[in-house]
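Quick notes on the structure that follows.
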Amino acid sequence: MKKNIRRYPLNQSQLYKCHSRRRLARMLDTDLKTLEEIAKNPRYYSFTRPKKNSNERRIIDAPNQRLKKIQTSVYAYLRKVKRPDWVMAGEVGKNWTENAETHADDSYFVKADISKFFDNCEREYVYQFFLTKLEQSPDVADICTSLVMFEGKIVQGAPTSMVIAFYAYQKMFEELACVAKQFHCIFTIYVDDVTYSSLDPIDSAALEARISQIMAAYGHKVKRQKVRTYGSQRAKRVTGVILSTDHQMLTPNSLRQEIYADFQQYLAQKKADKDDPNLDHQRASLLGKINSARQINPGIFPEMHRILKNG
């Protein structure tokens, strides 16, 4: 049973109507001088991470420890604010499997990715969130904006990024949600992954054109190679979950095969040298992949899981 999470309106957040930089510093558990220094010169370190289901790598800009602590505090003041049910990423009590589960009973799908969403989130939109929606003073809104952006964009590695991106472009997402009603679809957004589904056939060309039109009005565009349409006779992939034609949630074959291959490699390496220092990393990585699969299908890979848990 899901835990009932108490949520409150945006105007009940402690960030609402904050007009004092000194008060903001206290709320973020630091002093004003340090806060202004960090906002003026935010420190990040960069690394790459493989993209899911792709040979490409994603650049991650992660905040240093001081900045991350402050960003975590900002997120804490926003995390339990009530947002639309169709917002799935960064939400307390929701995850990527629930995003897929929301659409599991439907048969027809249109999926689209927003091209380079975080990179194309403009500072002015983020600033206007703090200034007009949170009704902060201009100087406080400016500092808050600097704390959650880097080099004029929302970054992949900050704890605030998903919720700030939503609020900065809330009007765009609300328009996309309205389109779902016009096409009699269920709608969800998971970061930059937009999904529409219906029990009945969808006019996918008209829907895609409308999605593109709305995104363009806000400086964004659809990633063309990531637009997918599915009929009732095809399995669908939604945020890493396969939805079968009989409406079951399944672990992707690619993940299953990866787990089997990695497990065989782990066993071979352990047999060759049980003291190999890389074994712990391999084991942890495998358990992580199995746990991901278990979020879709609980109890999958029981024997592998037992062997790995026992070392």
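The values are calculated or read from the model by the stated rules, or taken from the named source; none is laboratory data. For clarity, every value in this text was computed on a predicted model and none was experimentally measured. Glycine gets a Cβ as well: all are built from the backbone with ideal geometry, and neighbour counts include every protein chain shown.
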Going by what's in this entry, would Arg234 be described as closer than 25 Å to Gln295 by Cα and in a loop (DSSP other than H, G, I, E, B)? yes
Is it the case that some residue within the range 191-201 is farther than 30 Å from Leu10 by Cβ, in contact with a Phe, Trp or Tyr (Cβ under 6 Å, 6 or more places away or on another chain) and not in a strand (DSSP E or B)? yes
Which one of the conditions (1) surrounded by 13 or more Cβ atoms within 10 Å (Cβ to Cβ); (2) acidic (Asp, Glu); (3) outside the structural domain of Ile300 (by the TED database) does Asp262 fail to meet, given that it meets all the rest? (3)
Residues (free of Cβ contacts under 8 Å to residues at least 24 places away in the same chain and in a helix (DSSP H, G or I)) located in the range 285-306: Ser285, Leu287, Gly288, Asn291, Arg294, Pro302, Glu303, His305, Arg306
Only one of (1) β-branched (Val, Ile, Thr); (2) in contact (Cβ under 8 Å) with a residue 40 or more places away in the chain; (3) surrounded by fewer than 19 Cβ atoms within 10 Å (Cβ to Cβ) fails for Thr132. Which number is that? (2)
Can you name the residue in the range 83-135 that is in a loop (DSSP other than H, G, I, E, B) and among the aliphatic types (A, V, I, L, M) and is also nearest to the chain's Cα centre (by Cα) among such residues? Ala89
Restricting to the range 210-231, give me the number of residues that are more than 15 Å from Leu199 (Cβ to Cβ), of a type outside the set (Val, Ile, Thr), in a loop (DSSP other than H, G, I, E, B) and in contact with a strand residue (DSSP E or B) (Cβ under 8 Å, 6 or more places away or on another chain). 3
Considering (1) outside any helix (DSSP H, G or I); (2) closer than 25 Å to Lys236 by Cβ, say which one Leu176 fails and leave the rest. (1)
How about the range 270-284: which of its residues are surrounded by 15 or more Cβ atoms within 10 Å (Cβ to Cβ) and either under 25 Å from Pro50 (Cα atoms) or touching a residue at least 24 places away in the same chain (Cβ under 8 Å) (or both)? Leu279, Gln282, Arg283
Against the definition (buried (at least 21 other Cβ atoms within 10 Å of the Cβ), modelled with pLDDT of 95 or more and under 30 Å from Arg43 (Cβ atoms)), how does Ser137 come out, yes or no? no
